[in-house]
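**Student:** Starting off with a structure, shown below.
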Amino acid sequence: MLQIRVAELNIEIDNAYPYLARQCRDYLATFERADITVRVTPEEIEEEGRVNPYSLSPDYLESVCAYRQIAFQLPLFGAIVFHASVVECDGRAYAFAAHSGTGKSTHTRLWLRVFGDRARVINGDKPIFRLTEQGWRAYGTPWCGKEKWGENASSPLAALCFLERSPRNRIAPIGNDEAVNRLFGQVLMPSEPETADRFFALLDDLIQNTPAYLLGCNMEPEAAEVALAGMQKGETI
């Protein structure tokens with residue numbers, strides 16, 4: 001039985017393969033009571049293998065299924081999984097979301113290159129956002145994408161930023177309606193009624209209390225400078 005602590009939650013995984021233990025080595029913990037317990041059945045792994053477009057091993061597929069089970073339970077603890085790259089800069093977290101192939105990883109690299117020691121990646125692919133007494137925080141998780149960017153750390157969530165390719169770097173705040181439409185492509189919605197109700201309440205709180213922006217960007221270092229300046233000032237650039 002694998003015990004880990006992620007987003008200040010005790011999570012127990014009854015894993016069948018060693019891959020999960022290696023993947024979660026920076027999050028290992030020991031506790032008597034679990035907040036979340038998951039077990040992936042052989043049938044779930046087989047089904048995941050059928051629908052996954054890549055040829056992947058059962059131990060990796062177990063990891064995918066386990067995190068999905070965790071994601072479905074998180075709303076009961078005030079948290080959601082968000083498909084994004086989260087970069088902390090000057091002590092505040094900025095979440096970058098985009099359709100696959102848009103350049104999320106490239107933009108993350110630009111922040112690390114441009115801002116140097118001021119910046120670090122909290123999670124490169126599947127962070128957890130959790131509502132705390134002090135507001136929303138972004139947390140690292142063992143599920144951090146093919147680049148393996150991430151840390152067992154957290155930071156106050158300053159803004160959501162949706163990326164689009166553009167020859168000219170520009171950023172502008174977006175309204176709640178547009179933010180909702182873009183958010184739904186980046187979250188995993190639970191189907192169980194009680195959890196789904198909590199999920200929608202959390203999503204509404206996130207949108208109401210976290211500024212959202214649309215960033216048109218290219219691959220030049222200026223893109224990172226424009227993005228940070230726009231979000232810090234809260235204005236169009």
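The values are calculated or read from the model by the stated rules, or taken from the named source; none is laboratory data. In this text the structure is predicted, and so the values were computed from the model without any measurement. Backbone-built Cβ (ideal geometry, glycine too); neighbour counts: all protein chains shown. Heads up: the accessible areas ignore ligands, DNA and RNA and are worked out on the full protein's heavy atoms, side chains in. Shrake-Rupley method; radii C 1.70, N 1.55, O 1.52, S 1.80 Å.
**Student:** Could you point to the residue in Thr37, Thr106, Leu20 farthest towards the positive end of the chain's charge dipole, with +1 and -1 charges on the Cβ of Lys/Arg and Asp/Glu respectively?
**Tutor:** Looking along the dipole axis, the top candidate is Thr106.
**Student:** Still on this model: Okay, helix-only estimate at 222 nm for the chain: each DSSP H run of n ≥ 4 adds -39500 (n - 2.57), divide by all residues, round to 500 deg cm²/dmol; what do you get? If you can, show how the numbers build up before the last one.
**Tutor:** Details: 7 runs with 80 residues, N = 237.
Helix-only estimate at 222 nm: -10500 deg cm²/dmol.
**Student:** Could you give the size of the charge dipole of the range 1-145 about its Cα centre, using +1 on the Cβ of each K and R and -1 on the Cβ of each D and E, expressed in debye and rounded to the nearest 20?
**Tutor:** Numbers: 16 positive and 18 negative charges, 143 e Å.
Here the size comes out at about 680 debye.
**Student:** Right, here's the next one. Taking 0.36 nm per intervening residue step and subtracting the Cα-Cα distance, what contour gain separates Asp204 from Asn181 on full extension? Write down the numbers at each step before the final one.
**Tutor:** Details: separation 23, 0.36 × 23 = 8.28 nm, distance 1.20 nm.
Extra length available between Asp204 and Asn181 comes to 7.1 nm.
**Student:** Can you give me the long-range amide H partners of Trp149? Hydrogens built in the peptide plane at 1.01 Å from N, cutoff under 5 Å, separation of 5 or more residues or another chain.
**Tutor:** Residues meeting the criterion, in which the H sits 1.01 Å from N, are Gly124.
**Student:** Given the C-alpha centroids of the range 53-117 and the range 159-237, what is the distance between them in whole angstrom?
**Tutor:** Centre-to-centre (Cα) distance: 14 Å.
**Student:** Suppose R0 equals 22 Å; then what is the FRET efficiency for Ser100 and Arg168 from their Cβ-Cβ distance, rounded to the nearest 0.05? List each step's numbers first, then the result.
**Tutor:** Details: r = 23 Å, r/R0 = 1.04.
Calculated value: 0.45.
**Student:** Can you give me the angle between helix 58-73 and the longest principal axis of the chain, using Cα atoms only, in degrees from 0 to 90, rounded to the nearest 10?
**Tutor:** The angle comes out near 70 degrees.
**Student:** Can I ask one more? Helix 42-51 versus the longest principal axis of the chain: what is the Cα-based angle in degrees, 0 to 90, to the nearest 10?
**Tutor:** Taking the Cα atoms of the chain, the angle to 42-51 is about 40 degrees.
**Student:** Out of Asn209, Ala172, Val187, whose Cα points farthest toward the positive end of the dipole of the range 168-233 (charges: +1 Lys, Arg; -1 Asp, Glu; placed on Cβ)?
**Tutor:** Ala172
**Student:** Can you tell me the accessible area per residue over the range 20-89, all protein chains present, probe 1.4 angstrom, in square angstrom?
**Tutor:** On the way: 3550 Å² over 70 residues.
It amounts to 51 Å² per residue over the range 20-89.
**Student:** Right, next: I'd like the orientation of helix 104-115 relative to the chain: the angle between its Cα long axis and the longest Cα principal axis, in ° from 0 to 90, rounded to 10.
**Tutor:** 60
**Student:** Going by average Cβ neighbours within 10 Å, how do the peptides 192-200, 139-147, 95-103 rank, with the highest at the top?
**Tutor:** 139-147, 95-103, 192-200
**Student:** So with the 1.4 Å probe, I'd like the accessible area per residue for the range 105-237, rounded to whole Å².
**Tutor:** Values: 6470 Å² over 133 residues.
With the other protein chains kept in place, the range 105-237 gives 49 Å² per residue.
**Student:** What part of the accessible area of the chain, given as a whole %, is carbon or sulfur when the probe is 1.4 angstrom?
**Tutor:** Details: 5490 of 11530 Å².
Its accessible area is 48 percent carbon and sulfur atoms.
**Student:** Could you compute the net charge surrounding Ala34? Neighbours are other residues with a C-beta less than 12 Å from the C-beta of Ala34; K and R count +1, D and E count -1.
**Tutor:** Details: positive: Arg5, Arg33, Arg39; negative: Glu12, Asp14, Glu32, Asp35.
Surrounding charge for Ala34 is -1.
**Student:** Treating only the Cβ of Lys, Arg, Asp and Glu as charged (+1, +1, -1, -1), what charge dipole size does the range 185-237 show about its Cα centre? Round to the nearest 20 debye. Don't skip to the end; give the middle numbers.
**Tutor:** On the way: 2 positive and 9 negative charges, 15 e Å.
I would put it at about 80 debye.
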